[in-house]
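Engineer: Below you will find the structure I want to go over with you.
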Amino acid sequence: MTRPADALPGTPQSVPSSNRPNAAARGMLRRLVQGEAPPTQAMTIVERLAGSPYANPTIQVAGPDAGARKALDFSLSLAEAMFRYGAGALEVETSIIAVTAAFGLDNIEVDITNQSVVLNYSVKDQTPTTVLRVVRSWTNNYAGLTAIHRLVSDIADGGVSRTEAAQRLEEITRRPKPFPRWMVTAAFGIFAAAIVAFIGGGPPGSLIGFVSCILVELVSRKLGEWRVPEFFSVATSAALVTLMATLFWWLRVPITPALVVVGGILLLLPTGRLISAMQDAINGFPVTAAGRFVSGLLVFAALVAGIAVALVAGTSLGVPELEVLDPVESRYPWPLVALFVFVAIAMICIAEQTDVKLVIPTSLVAVAGYLLLIGAMSAGVGYRLAPALAAVLIGALSRVVALRMGAPQLVVAVPAVMFLYPGLMVFRSMYQLTIDVDVVSGGAAGLFNALTVVLAIAAGVVLGDNLARPFTRRLSAQERQRNRRR
């Protein structure tokens, strides 16, 4: 007998095919709205190495051994040496991350300020370890910074143990600088002579610039031995250069005092500090950038104060007023001026104790920037934008050269942009502020413009470095392969 329930339709065994597109559409919409990962998910610290020469380091699969504290101490010593030699905060951070990751410390946090490095190592269910190191001294040693860069690359490739790494770091910090003191002193003088000729000065001006800058170097070294603060040392050096130039002009030596002063001013400008500060500000280290900016601006203020004191002293001695606003044009053809740039930058490399192999490539990068500078000026680009464009090219080429030579980008970029800085504008502005009271507003505006150009050049170097990164990934891979074959 048939029951009424038998006539009812049974429960389907599968979902009708018409519902499948709706489910797929809902899944696609969910992925579009939510993304592949939760938006608040924390970024692992090793991801900070993306874009750096130490990307994808070889990590110990066995994890850290009982000597994790020794690895932390080595990382602090490494960071201290890099800061002392002039590295930026991002480079120090990526080096620490690469080293600690290679040694198996994957629960690490890094905090960097202007003068200190803090490392926190926290393993689950264990007492965390926090170590701190403060950097209290600085020195010119780009060769040492290059050697440390190569050491970190070797560690990231997994070919160096912790004990061997500590030995190599100690060798680097104890290794003599590539150039002796007498050569550095001579390099300062030759740089000043070449810069005076580059701007438009004659042989007498280059000779006086050579002598005055050697004297300034000797005085600065003695003041450093006496532990005189940097502010007063820079002010004294700027005053000495300015006073010597004005006195020689007063004695009717055929020179242009402003051009002679520029050779010394460029040596005293905190070029590397400002570029590092700009890099730190752009790369997310505001505290470190603020400290470097304050330090750099203090040196700039000392430079301005020294020039002002010398100009007032010269006026008191009876030195007549200078014609600082007269236009200055180069008296040499551009190929010879390019040679002056090459020589000047080579001398700065010697003064900064750059690796011998990097002296010629760095000078060639500067010449390329000079060619772009004169091309931009010929095309009608303003005096503010043209140096910034040249700095962008120098920053990009510096990254390429640095990767090929196994060095940090800063080592090439800092010396290569020295010729771009507006030393003549600084001197003219200070003269108007100090002596020519009728154009005080013009002097203040000129000083502001000079500072703007300085910061634009520093920003241009950082922009060039970032623009070149997508095109230099293959060079980074080739450097890693060379390190593995060593």
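Engineer: What pairs can you find where one residue is in the range 316-327 and in a loop (DSSP other than H, G, I, E, B), the other is open to solvent by 80 Å² or more (accessible area, probe 1.4 Å) and modelled with pLDDT of 70 or more, and their Cβ atoms are less than 6 Å apart, with a gap of 6+ or different chains?
Structural biologist: That search, which allows pairs on different chains as well, returns 319/250.
Engineer: Pairs needed: first member in the range 98-115, free of Cβ contacts under 8 Å to residues at least 24 places away in the same chain and closer than 20 Å to residue 154 by Cα; second member anywhere, among the hydrophobic types (A, V, I, L, M, F, W, C) and buried (at least 16 other Cβ atoms within 10 Å of the Cβ); C-beta distance under 6 Å; at least 6 residues apart or different chains.
Structural biologist: Pairs found: none.
Engineer: Out of (1) open to solvent by 10 Å² or more (accessible area, probe 1.4 Å); (2) over 24 Å from residue 308 (Cα atoms); (3) out of contact with any helix residue (DSSP H, G or I) (no Cβ under 6 Å at 6 or more places or on another chain), what's the single condition that is false for residue 149?
Structural biologist: Exception for residue 149: condition (1).
Engineer: Can you confirm whether residue 139 is in a loop (DSSP other than H, G, I, E, B) and under 18 Å from the mean Cα position of the chain (by Cα)?
Structural biologist: yes
Engineer: (1) closer than 24 Å to residue 230 by Cα; (2) touching a Ser or Thr at 6+ places or on another chain (Cβ under 8 Å): which one isn't true of residue 328, the others all being true?
Structural biologist: (1)
Engineer: Having 3 or more residues that are modelled with pLDDT under 80 and open to solvent by 60 Å² or more (accessible area, probe 1.4 Å) is the bar; report the helices (runs of 4 or more DSSP H) wholly within the range 423-486 that clear it.
Structural biologist: Output list reads 473-485.
Engineer: Please determine, by comparing only the residues of the range 85-101 that are of a type in the set (A, V, I, L, M) and at pLDDT 90 or above, which one is nearest to residue 461 (Cα to Cα).
Structural biologist: Out of the qualifying residues, it is 92.
Engineer: Name, by its number, the condition in (1) surrounded by 19 or more Cβ atoms within 10 Å (Cβ to Cβ); (2) acidic (Asp, Glu); (3) outside any helix (DSSP H, G or I) that does not hold for residue 280.
Structural biologist: Tallying (1) surrounded by 19 or more Cβ atoms within 10 Å (Cβ to Cβ); (2) acidic (Asp, Glu); (3) outside any helix (DSSP H, G or I), residue 280 fails exactly one: (3).
Engineer: Pick from 255, 282: which is touching a Phe, Trp or Tyr at 6+ places or on another chain (Cβ under 8 Å) and either more than 30 Å from residue 93 (Cβ to Cβ) or in contact (Cβ under 8 Å) with a residue 40 or more places away in the chain (or both)?
Structural biologist: Testing whether each residue is touching a Phe, Trp or Tyr at 6+ places or on another chain (Cβ under 8 Å) and either more than 30 Å from residue 93 (Cβ to Cβ) or in contact (Cβ under 8 Å) with a residue 40 or more places away in the chain (or both) leaves just 255.
Engineer: Can you pull out every residue in the range 283-303 that is closer than 30 Å to residue 205 by Cβ and open to solvent by less than 40 Å² (accessible area, probe 1.4 Å)?
Structural biologist: Those that are closer than 30 Å to residue 205 by Cβ and open to solvent by less than 40 Å² (accessible area, probe 1.4 Å): 296, 299, 300, 302, 303.
Engineer: While we're on this one: Out of everything in the range 346-384 that is under 22 Å from residue 273 (Cβ atoms) and either among the aromatic types (Phe, Trp, Tyr) or not in a helix (DSSP H, G or I) (or both), what residue ends up being most open to solvent (accessible area, probe 1.4 Å)?
Structural biologist: Checking each candidate, the answer is 384.
Engineer: In the set 292, 273, which member is among the basic types (Lys, Arg), at pLDDT 85 or above and under 19 Å from residue 454 (Cα atoms)?
Structural biologist: Exactly one residue qualifies, and that residue is 292.
Engineer: Could you check, for the range 197-220, whether at least one of its residues is free of Cβ contacts under 8 Å to residues at least 24 places away in the same chain and under 25 Å from the mean Cα position of the chain (by Cα)?
Structural biologist: Within the range 197-220, one or more residues are free of Cβ contacts under 8 Å to residues at least 24 places away in the same chain and under 25 Å from the mean Cα position of the chain (by Cα).
The values are calculated or read from the model by the stated rules, or taken from the named source; none is laboratory data. On a predicted model such as this, the values are computed, not experimentally measured, just so you know. Note that we place each Cβ from the backbone using ideal geometry, even for glycine, and neighbour counts take in every protein chain shown. The area values use the complete protein model at the heavy-atom level, side chains included, leaving out ligands, DNA and RNA. Shrake-Rupley method; radii C 1.70, N 1.55, O 1.52, S 1.80 Å.
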